[in-house]
1. Calculate the dipole size of the stretch 1-71 relative to its Cα centre from +1 charges on Lys and Arg beta carbons and -1 charges on Asp and Glu beta carbons; express the result in debye to the nearest 20.
2. Rg(Cα) of the stretch 1-112 divided by 2.2 N^0.38 Å?
3. Please give the length that would be gained between M11 and E67 if that part of the chain were fully extended, namely 0.36 nm times their separation in residues minus their C-alpha to C-alpha distance (nm, one decimal).
4. Set the bar at 21 Å for Cα to Cα. Now go through K47/K110; K57/K110; K20/K70 and name every pair that lies beyond it.
5. Which FRET efficiency, nearest 0.05, do H21 and E95 yield, Cβ-Cβ r, R0 22 Å?
6. Taking H placed 1.01 Å from N in the peptide plane, check which residues at least 5 places from V65 or on another chain put their amide H under 5 Å from its amide H.
7. How large is the translational diffusion coefficient of the stretch 42-86 in µm² per second when you combine the Kirkwood radius over alpha carbon pairs with Stokes-Einstein at 10 °C and 1.306 mPa s?
8. What number do you get for the stretch 1-57 when its Cα radius of gyration is normalised by 2.2 N^0.38 Å, N = residues?
Amino acid sequence: ISMVGVAPIAMSQTKEDLLKHLNLPAETYALMAKETDVIYNWLISHKSHLKENGKRKAPYDWSDVQERAKDDAMAMIAQGGDQFTEYFWGLGVAEDNNPNWVAKWFLYHKFRYRDGRNRTQRSGQKHHDKHGSSKHKHASRE
């Protein structure tokens, strides 16, 4: 009998969607992200993992990495959990030898964050929350 986990969510879904879908505590999410970091760094530090026609310099995109290397990385992530994260990686077990979708989600989002697609928007928003409002008050008082 093959064990199959929870139905996958789309790779484009947000962290909030994932937390809800897996009933995943934020602290455990942070541990899983750290475990993903280790494998991500392994993945991008070997030129043999990159496609011949892809970018040869970091930061790499998801599409620059060979499928086989991504599959290996996802397997390593899914099997590398500790007593806190192992259960949640287990929820990503897929049928027919497909990669673990939870591991894939984490790895994919690591690349998305790294390749700058979301970075400008995110840091911009954070700046507004922290500094924008306080500056505004000072300006109006003077």
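What follows is calculated from the coordinates using simple rules that are stated; it is not laboratory data. Because the structure is predicted, anything quoted here is derived from the model rather than measured. Virtual Cβ from ideal backbone geometry, glycine too; neighbours counted across all protein chains shown.
1. 300
2. Relative to the rule-of-thumb radius for its length, the stretch 1-112 sits at 1.05.
3. 18.6 nm
4. Cα-Cα > 21 Å for K20/K70; rest within.
5. The formula returns an efficiency of 0.80 here.
6. Under 5 Å from the amide H of V65 lie the amide H atoms of K51, each far enough along the sequence or on another chain.
7. Once the numbers are plugged in, D ends up at 139 µm²/s.
8. 1.51
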